[in-house]
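The structure appears right after this line, and notes come after that.
The values are calculated or read from the model by the stated rules, or taken from the named source; none is laboratory data. Every value quoted in this text rests on a predicted model; they were computed, and no experiment measured them. For neighbour counting, all protein chains shown are included, and Cβ atoms are generated from backbone atoms with ideal geometry for every residue, glycine included. Heads up: the accessible areas ignore ligands, DNA and RNA and are worked out on the full protein's heavy atoms, side chains in. Shrake-Rupley method; radii C 1.70, N 1.55, O 1.52, S 1.80 Å.
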Amino acid sequence: MPLSPEQLAEIDELRATPKPTLRAVSEGMEAHLYKAIPVLDHGFVRVIDYMGDDAAICQAARVSYGKGTKSVSNDEGLIRYLMRHWHSTPFEMCEIKLHVKLPVFVARQWIRHRTANVNEYSARYSILDREFYIPEAQHIAAQSTVNNQGRGEALTGDEAARVLEILKSDAARCYDNYEAMISQDGQQGLARELARMNLPANIYTQWYWKVDLHNLFHFLRLRADAHAQYEIRVYADEICKVVADWVPAAYSAFEDYRMGGANLSGKAIDCIRRMVKGEAVTQEVSGMSKGEWREFEALLKD
Ligand SMILES: Cc1cc2nc3c(=O)[nH]c(=O)nc-3n(C[C@H](O)[C@H](O)[C@H](O)COP(=O)(O)OP(=O)(O)OC[C@H]3O[C@@H](n4cnc5c(N)ncnc54)[C@H](O)[C@@H]3O)c2cc1C
């Protein structure tokens, strides 16, 4: 169960007592506030607080442009202009604070994004819950044969069943031993900060994670991408939906320029120019390596 009955009651109470405010409010985000969006088997992500909306991005940008600039006066157009030209600081005027429950091995990838503020559940102070991420059958996959950093086809038959059994029984045994070591029943009990070292990386942790919109977009660009591991990508996918409701114009520009767009090298642009003029450009005459050419060709395919 992602949230305890007490936490659910707290959310209901918070949502039942709205307060009037003079601050910028995003109606789309108000609908999400406090509610937990389930992710994986025991995880969730929920919005605890936010600051700003699409208008706040434009308001900040207009400070730098002053009254003289008329050409980018439309809000949506201005936001697209800012995104297109990497004028990123106006996006930093918006912030979001999330409460995330996630497996420890996912947290290790997530924490690499240094431009956020984090406060994590203390397993020195508190006892971790008996909750482990156990993948669904279709996600128990073999090592990829084409990508050293990824997975391939799902395991099947006896092998899949054996892996699932190992994951479940190891987690249960480790947690049983964790409880036995910290128990003060007839013994002193090992310190929680030491006992946790024996727990597997699929145990769940929780944190509050606060980040500005510019750095959140950077996180989403990397982690909602097909190259990211499935178990972090599902969190990023849910956050994408929340951001689309929070700042629709900024998200639409991000989706277009960052998620849908691509970085092209000078050589790639030169090849496209030659192709447009009718030249049959091949890898051999492109100036690109085989790997670069493969990625370039993939970009040009539908
Ligand atoms: C598909 C994928 C595979 C990965 N594989 C590996 C791996 O095998 N091993 C591994 O260790 N990591 C790996 N990573 C993590 C990756 O290298 C980055 O650490 C992670 O994506 C965070 O990115 P970031 O540093 O840009 O983000 P943030 O830490 O949020 O930083 C955002 C930006 O701020 C700037 N910045 C922040 N801190 C500094 C600083 N101290 N100095 C200079 N500039 C700074 C940089 O411009 C940076 O891009 C992988 C990530 C992805 C998405």
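For ALA244, which of the numbered conditions (1) under 18 Å from GLY28 (Cβ atoms); (2) more than 16 Å from the ligand (Cβ to nearest atom); (3) surrounded by 17 or more Cβ atoms within 10 Å (Cβ to Cβ) fails to hold?
Just one mismatch for ALA244, condition (3).
Yes or no, residue by residue, for (1) of a type in the set (Phe, Trp, Tyr); (2) open to solvent by 50 Å² or more (accessible area, probe 1.4 Å):
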position: VAL146; (1), (2): no, yes
position: GLY157; (1), (2): no, yes
position: ILE166; (1), (2): no, yes
position: SER169; (1), (2): no, no
position: CYS174; (1), (2): no, no
position: TYR178; (1), (2): yes, no
position: ILE182; (1), (2): no, no
position: ARG192; (1), (2): no, yes
position: TYR204; (1), (2): yes, no
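What's the number of the only condition in (1) open to solvent by 50 Å² or more (accessible area, probe 1.4 Å); (2) under 30 Å from ASP54 (Cβ atoms); (3) free of Cβ contacts under 8 Å to residues at least 12 places away in the same chain that TYR208 fails to meet?
Here TYR208 meets the rest and fails (3).
Those residues that are within 13 Å of the ligand (Cβ to nearest atom) and touching a Lys or Arg at 6+ places or on another chain (Cβ under 6 Å), I need them from the stretch 205-222; list them, please.
Hits for the stretch 205-222 are LYS210, ARG221.
Which of the strands (runs of 3 or more DSSP E) contained wholly in the stretch 53-165 include at least 2 residues that are away from the ligand (no atom under 16 Å from the Cβ) and under 21 Å from the mean Cα position of the chain (by Cα)?
Output list reads 95-103, 117-120.
What's the number of the only condition in (1) among the aliphatic types (A, V, I, L, M); (2) surrounded by 19 or more Cβ atoms within 10 Å (Cβ to Cβ); (3) touching a residue at least 24 places away in the same chain (Cβ under 8 Å) that MET259 fails to meet?
In the conditions (1) among the aliphatic types (A, V, I, L, M); (2) surrounded by 19 or more Cβ atoms within 10 Å (Cβ to Cβ); (3) touching a residue at least 24 places away in the same chain (Cβ under 8 Å), MET259 misses (2) alone.
So, of the residues in the stretch 1-30 that are closer than 30 Å to GLU136 by Cα and part of a loop (DSSP other than H, G, I, E, B), which turns out to be modelled with the lowest pLDDT? Please lay out each step first, then the result.
As a first pass, look at the stretch 1-30 and keep what is closer than 30 Å to GLU136 by Cα: 1-9, 11.
Checking which are part of a loop (DSSP other than H, G, I, E, B) leaves us with 1-4.
Numbers: MET1: 52, PRO2: 68, LEU3: 80, SER4: 84.
The selected residue is MET1.
Before we move on, is TYR34 of a type in the set (Phe, Trp, Tyr), under 17 Å from LYS210 (Cα atoms), open to solvent by 50 Å² or more (accessible area, probe 1.4 Å) and away from the ligand (no atom under 16 Å from the Cβ)?
yes
Considering each of ALA61, ALA137, ALA123 in turn, give the residue that is over 16 Å from TYR204 (Cα atoms) and surrounded by 17 or more Cβ atoms within 10 Å (Cβ to Cβ).
Values: ALA137 fails: surrounded by 17 or more Cβ atoms within 10 Å (Cβ to Cβ); ALA123 fails: over 16 Å from TYR204 (Cα atoms).
Answer to the check: ALA61.
Among residues belonging to the stretch 253-296 that are polar (S, T, N, Q) and out of contact with any Lys or Arg (no Cβ under 8 Å at 6 or more places or on another chain), point out the one that is nearest to ALA56 (Cα to Cα).
ASN263
Which residue, of ALA236, ALA201, ALA228, is within 16 Å of the ligand (Cβ to nearest atom), closer than 30 Å to ILE57 by Cβ and in a loop (DSSP other than H, G, I, E, B)?
From the options ALA236, ALA201, ALA228, the qualifying one is ALA228.
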